[in-house]
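The numbers here are math on the coordinates, done by the rules we state, and not lab data. In this text, all values refer to a predicted model and were calculated from it rather than measured experimentally. Here the Cβ is made from the backbone with ideal geometry for all residues, glycine too, and neighbour counts use every protein chain on show.
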Amino acid sequence: MFPVFKEEISIGELKLKFLFDGQDTDGTLVVFEMLVPPNIKVPAPHYHVDVDETLHVMEGTLHQIYGDEIRVLNPGDTLFIKRGIVHGFNNTGTVPTRVLCSLSQASIGPEYFRAIAEIINAGGPPDMQRILGVMKQFGLEVK
């Protein structure tokens, strides 16, 4: 059976399809599928103040910054990112990468991604001060 997605959010070419959000899990978990096309602009390396993240690569390859390392994640690879660990990602391959992401607690959910999408999708160069403000509001700190 194919999953039923609650919501899809596009941030430029990055696509997020939500399976669960904080309303479904009493604020404990957000789960979404992320489609990362090759060579798109991705979020700056950052860390989460109060949220742990788990990535599971389903298709393609993800180059994941993890602290001071760059880890290459292939289909079937999983990475747990404890809150406070600097991380970021890129797809330097030639095919889209599909990743299942979970965030626990659910304070970084669809509301955060909608706010970022509004800024990025407005056209023209993004307002970095607004992006940094939204990130800070939701407990993300750029490194």
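Using helices alone, I'd like the mean residue ellipticity at 222 nm for the chain: each DSSP H run of four-plus residues gives -39500 (n - 2.57), total over residue count, nearest 500.
Roughly -4500 deg cm²/dmol at 222 nm, from the helical runs in the chain.
How many percent of Cα pairs in the range 33-143 exceed 23 Å?
The calculated P(r) of the range 33-143 puts 27 percent of pairs beyond 23 Å.
In what order do Asp77, Asp21, Asp68 fall by count of nearby beta-carbon atoms within 10 Å, going from fewest to most?
Asp68, Asp77, Asp21
Using amide H atoms built in the peptide plane, which far-off residues or other-chain residues are under 5 Å from Gly93 H to H?
Residues meeting the amide H criterion: Asn39.
Taking amide H atoms as placed 1.01 Å from N in the peptide plane, list the residues 5 or more away in sequence, or in a different chain, whose amide H sits under 5 Å from that of Ile81.
Glu53, Thr54, Leu55
Mind sorting Met128, Met58 by how few other Cβ atoms lie within 10 Å of their own Cβ, fewest first?
Met128, Met58
List the aspartates and glutamates whose Cα lies under 20 Å from the Cα of Lys143, skipping any in the same chain that are fewer than 8 positions away.
Counting by Cα, and skipping residues close in sequence, Lys143 has these aspartates and glutamates nearby: Asp50, Asp52, Glu53, Asp68, Glu69, Asp127.
Can you tell me the dipole magnitude for the chain around its Cα centre, using point charges on the Cβ only (Lys, Arg +1; Asp, Glu -1), in Debye to the nearest 20?
Working: 12 positive and 18 negative charges, 57 e Å.
Its charge dipole is roughly 280 debye.
For the pair Ile40/Ala122, report the inter-label distance in nm, with labels modelled 7 Å from Cα in the Cβ direction.
According to this spin-label approximation, the distance is 2.0 nm.
Any chance you could run the full-extension gain for Ile70 through Thr28? It's 0.36 nm times the residue separation minus the Cα-Cα distance, nm to one decimal.
Values: separation 42, 0.36 × 42 = 15.12 nm, distance 2.85 nm.
Length gained, Ile70 through Thr28: 12.3 nm.
So for the chain, taking the charge dipole from beta-carbon charges (+1 Lys/Arg, -1 Asp/Glu), which of Gly123, Thr78, His46 sits furthest toward the positive end?
Gly123
Using Cβ counts within 10 Å as a stand-in for footprinting exposure, how do Val57, Val72 rank, fewest first?
Neighbour counts put them in this order, fewest first: Val72, Val57.
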